[in-house]
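Novice: Before anything else, here's the structure in question.
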Amino acid sequence: MHKIALPERADLHAKAEEAGFSFLEMGGEPYWDETSAYAFTLEEVETRIEDPSSELHGMCRAAVERIVASEELMDRMGIPPGFRDLVATSWQRQEGELYGRMDLAYDGGDAKLLEYNADTPTSLYETAAFQWQWLEDQIAAGALPAGADQFNRLHEALAERFAAMFPPDHDIHFAAAAGHAEDYATVEALAWAAREGGMGAHYTDLGQIGLSAEGQFTDAEDRVIGTLFKLYPWEDIFADEFGAAIVPSGCRMIEPAWKALVSNKAILPVLWEMFEGHPNLLPAFFLDDVAGALRDGTGGSALLDRSRDALRTHVVKPFFSREGASVDIIEGGRPLETAHDRAYDQGAKIVQAYAPLPVFDGFRPVLGAWIVGEECVALGIREDRARITQDLSRFKPHFIAP
Amino acid sequence: MRKRSATVALTLMGAAFALSGCREDRTEASSFPDLASCRAEAEAGSLNFTPADCDAAFAQAQADHEETAPRYDALAVCEEEHGVGNCEQQAEAGGGFSFMPLLAGMMIGQMLGGRGIMSQPLVNTANGRFATPGGTSVASNNGRGAMNASAFQKAPATVGRPPMSQADVMRRGGFGSSGAARTSFGG
């Protein structure tokens, strides 16, 4: 992996406007930044990103299999008692997963799984479409060679996945919270793929969803929702008034409820216990189990002892934080970097060994490995000046050099 | 082998949703708060309707209102759905009382193929709009616009059926409150 400077397309802003891509900039900072790009070899993409990420997804499935069989683990992972049956049943019925994005630290060696947003990942449109168009345009302009490629089957893979999950002409409602351009872009990109896969796609604002007298969910126009894609996390659904209505409604949910276990940083210590030493995993523990040992050497376990060196610099992360909120990096007992956004401070946390991100021109890239179904199909990169990638980080395009 | 899609969908204009499903038959519809305003406009010649059409449409809307308007078991439930002061008590045929929204006007439209006129009653909604018993919501009871023809389908009868309790009433807004303070639900 290396980074090269490239000319920005002359018609970038016109192209974005034409496409309806309204967040080239966010919070006064550039969000889409094509003044440089990351270059990979094909072998590197396949052996360092694609294959390991597909394998990691399979390991997460193995972890789910174990967690749903254990009331104790469900409890530890923060799944409320009233929803454990929903989570377990969705797994036992083999309700299929649609998509997810793994965040990987990669410096040319083994990629390390930082976390897995397996429930509500965004930046789908930027990855699947706008990045794809950038490559086509740069090849056409001669800025990149004709044989350049991109690890980006995201759109096609999603269309195929919808077609595999549902019968033709199946109606799917896509719900996002009103007024969030980034979230809307992700559901519209999904809806395009659903249509291409032969589905009927309908939009509803999340807050407009109703519950009929018969106990079925309905959209803003009172049409019954049979299948619902919700760009809204399961852990929030668990706390919502309508959470308890999901089972009686008979509504099929995307992602399925078992993804609440995968898109939960508490899966990282479970993975480490099951697959200790795996080259793509970082040592990880429940904070409750190791806080004493890390502070003053009391308690701990053989598993912890084997990772003590790796944990000298470690990251403390809440189970459910998003966009880097409430994440702290601790080095030798002192904070090296802490998130400004403390929205998730109250919740349970994990400890994970610190994997430094490489630095290119003062920016640290995190690889987003996109999973559709059970396969890794695409790459999207975001970079930040800070060690903790936050919501104002920049999206960077990539290409595979011929 | 190529690692990227052959084609992708490039636009974010809502078209992925707007293009979906079959487009319904549309009809030109007008709404009126009462019979007199319908007749006045018909006499002024600004409609495809005659004053006699207004009479027939309004009589039909009134009858449909009696037969299909929602019925509730308590004034509070009715007012929660239709606004304070917009409900009345109604004696049930089998004894007892229910509460119904007051008739707040009608919607009138041309049948497809010009086979006459059709109408639906309107009642107030809690958020200041108007709705038919079938659940079609319109902004005003004094306007015009294109409307799905299915909006004129008669709703199931409510007369003689048990009135709705608080638990039966359609609820909205049960998703989203737990994450409401966040800038984005994704990540």
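The values are calculated or read from the model by the stated rules, or taken from the named source; none is laboratory data. Fair warning: this is a prediction, and the values are worked out from it, not measured in the lab. A quick note on method: Cβ atoms are made from the backbone with ideal geometry, for glycine too, and the neighbour counts reach across all protein chains shown.
Novice: Checking residue A:255 against (1) at the interface with chain B (Cβ under 7 Å from one of its Cβ atoms); (2) among the acidic types (Asp, Glu); (3) under 17 Å from the mean Cα position of the chain (by Cα), which test does it fail?
Specialist: Result: residue A:255 passes all but (1).
Novice: Looking at the stretch A:140-152, which of its residues are assigned to a loop (DSSP other than H, G, I, E, B), within 11 Å of chain B (Cβ to nearest Cβ) and crowded, with 22+ Cβ neighbours inside 10 Å?
Specialist: So the first thing to find is which residues in the stretch A:140-152 are assigned to a loop (DSSP other than H, G, I, E, B), and the list is A:141-148, A:150-151.
From what is left, the residues that are within 11 Å of chain B (Cβ to nearest Cβ) are A:147-148, A:150-151.
Answer for the stretch A:140-152, where residues must be assigned to a loop (DSSP other than H, G, I, E, B), within 11 Å of chain B (Cβ to nearest Cβ) and crowded, with 22+ Cβ neighbours inside 10 Å: A:150, A:151.
Novice: Hey, another quick one. Residues being within 11 Å of chain A (Cβ to nearest Cβ) and in contact with an Asp or Glu (Cβ under 6 Å, 6 or more places away or on another chain): count how many of those fall in the stretch B:151-168.
Specialist: Selection size over the stretch B:151-168: 1.
Novice: Please work out if residue A:400 is touching a helix residue (DSSP H, G or I) at 6+ places or on another chain (Cβ under 8 Å) and under 25 Å from residue A:79 (Cα atoms).
Specialist: The answer is no for residue A:400.
Novice: Now a separate question. Determine whether residue A:172 is within 25 Å of the chain's Cα centre (by Cα), more than 22 Å from residue A:50 (Cα to Cα), more than 8 Å from every other protein chain (Cβ to nearest Cβ) and in contact (Cβ under 8 Å) with a residue 40 or more places away in the chain. Write out each step before concluding.
Specialist: On the way: within 25 Å of the chain's Cα centre (by Cα): yes; more than 22 Å from residue A:50 (Cα to Cα): yes; more than 8 Å from every other protein chain (Cβ to nearest Cβ): yes; in contact (Cβ under 8 Å) with a residue 40 or more places away in the chain: yes.
When the stated conditions are applied, residue A:172 passes them.
Novice: Out of the stretch B:1-42, which residues are within 27 Å of residue B:132 (Cβ to Cβ), within 9 Å of chain A (Cβ to nearest Cβ) and at pLDDT 90 or above?
Specialist: none
Novice: Scan (1) more than 16 Å from the chain's Cα centre (by Cα); (2) at the interface with chain B (Cβ under 9 Å from one of its Cβ atoms); (3) among the aromatic types (Phe, Trp, Tyr) for the single condition residue A:166 breaks and write down its number.
Specialist: (2)
Residues are listed down the side, and each one gets a yes or a no for (1) in contact with a Ser or Thr (Cβ under 9 Å, 6 or more places away or on another chain); (2) surrounded by fewer than 17 Cβ atoms within 10 Å (Cβ to Cβ); (3) more than 23 Å from residue A:377 (Cβ to Cβ); (4) modelled with pLDDT of 95 or more:
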| position | (1), (2), (3), (4) |
| --- | --- |
| A:64 | no, no, no, yes |
| A:67 | no, no, yes, yes |
| A:87 | no, no, yes, yes |
| A:94 | no, yes, no, yes |
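Novice: Right, here's the next one. Only one of these is within 25 Å of the chain's Cα centre (by Cα), more than 25 Å from residue A:176 (Cβ to Cβ) and of a type outside the set (D, E, K, R): A:271, A:294. Name it. Break it down into steps so the answer makes sense when it comes.
Specialist: Values: A:294 fails: within 25 Å of the chain's Cα centre (by Cα).
From the options A:271, A:294, the qualifying one is A:271.
Novice: Here is a further query. Only residues that are more than 7 Å from chain B (Cβ to nearest Cβ) and part of a loop (DSSP other than H, G, I, E, B): list them for the stretch A:213-227, please.
Specialist: A:214, A:215, A:216, A:219, A:220, A:221, A:223, A:225, A:226
Novice: If residue A:112 satisfies all but one of (1) in contact with a Pro (Cβ under 9 Å, 6 or more places away or on another chain); (2) under 20 Å from residue A:237 (Cβ atoms), what's the number of the condition it fails?
Specialist: (2)
Novice: Another question about this same structure. Just to be sure before I move on: is residue A:122 in contact with a helix residue (DSSP H, G or I) (Cβ under 6 Å, 6 or more places away or on another chain) and not aliphatic (A, V, I, L, M) in the structure I sent?
Specialist: Judged against the criteria, residue A:122 is a match.
Novice: Return only the number of the condition from (1) of a type outside the set (Phe, Trp, Tyr); (2) facing another protein chain (nearest Cβ under 10 Å); (3) in contact with an Asp or Glu (Cβ under 6 Å, 6 or more places away or on another chain) that residue A:189 does not satisfy.
Specialist: Checking residue A:189 against (1) of a type outside the set (Phe, Trp, Tyr); (2) facing another protein chain (nearest Cβ under 10 Å); (3) in contact with an Asp or Glu (Cβ under 6 Å, 6 or more places away or on another chain), the one that fails is (3).
Novice: Which ones in the stretch A:367-402 are within 11 Å of chain B (Cβ to nearest Cβ) and part of a loop (DSSP other than H, G, I, E, B)?
Specialist: Those that are within 11 Å of chain B (Cβ to nearest Cβ) and part of a loop (DSSP other than H, G, I, E, B): A:389, A:390, A:391, A:392.
Novice: Suppose the filter is within 14 Å of chain A (Cβ to nearest Cβ) and at positive phi; does residue B:45 pass it? If you could, list the steps in order and put the result at the bottom.
Specialist: Working: within 14 Å of chain A (Cβ to nearest Cβ): no; at positive phi: yes.
For residue B:45, the condition - within 14 Å of chain A (Cβ to nearest Cβ) and at positive phi - is not met.
Novice: Would you mind stating whether residue B:132 is closer than 15 Å to residue B:102 by Cα and of a type in the set (Val, Ile, Thr)? Step through it out loud before you land on a result.
Specialist: On the way: closer than 15 Å to residue B:102 by Cα: yes; of a type in the set (Val, Ile, Thr): yes.
Yes, satisfied.
Novice: Next question. Mind telling me which of the residues A:360, A:286, A:395 ends up being modelled with pLDDT of 95 or more and more than 28 Å from residue A:124 (Cβ to Cβ)? Spell out the reasoning first.
Specialist: Details: A:360 fails: more than 28 Å from residue A:124 (Cβ to Cβ); A:395 fails: more than 28 Å from residue A:124 (Cβ to Cβ).
Result of the check over A:360, A:286, A:395: A:286.
Table: residues versus (1) closer than 25 Å to residue B:136 by Cβ; (2) at the interface with chain B (Cβ under 7 Å from one of its Cβ atoms); (3) modelled with pLDDT under 95; (4) out of contact with any Gly (no Cβ under 8 Å at 6 or more places or on another chain).
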{"site": "A:204", "(1), (2), (3), (4)": "yes, no, yes, yes"}
{"site": "A:211", "(1), (2), (3), (4)": "yes, yes, yes, no"}
{"site": "A:229", "(1), (2), (3), (4)": "no, no, no, yes"}
{"site": "A:240", "(1), (2), (3), (4)": "no, yes, yes, no"}
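Novice: Looking at (1) within 14 Å of another protein chain (Cβ to nearest Cβ); (2) surrounded by fewer than 18 Cβ atoms within 10 Å (Cβ to Cβ); (3) under 26 Å from residue A:401 (Cα atoms), which is the one condition that is false for residue A:103?
Specialist: (2)
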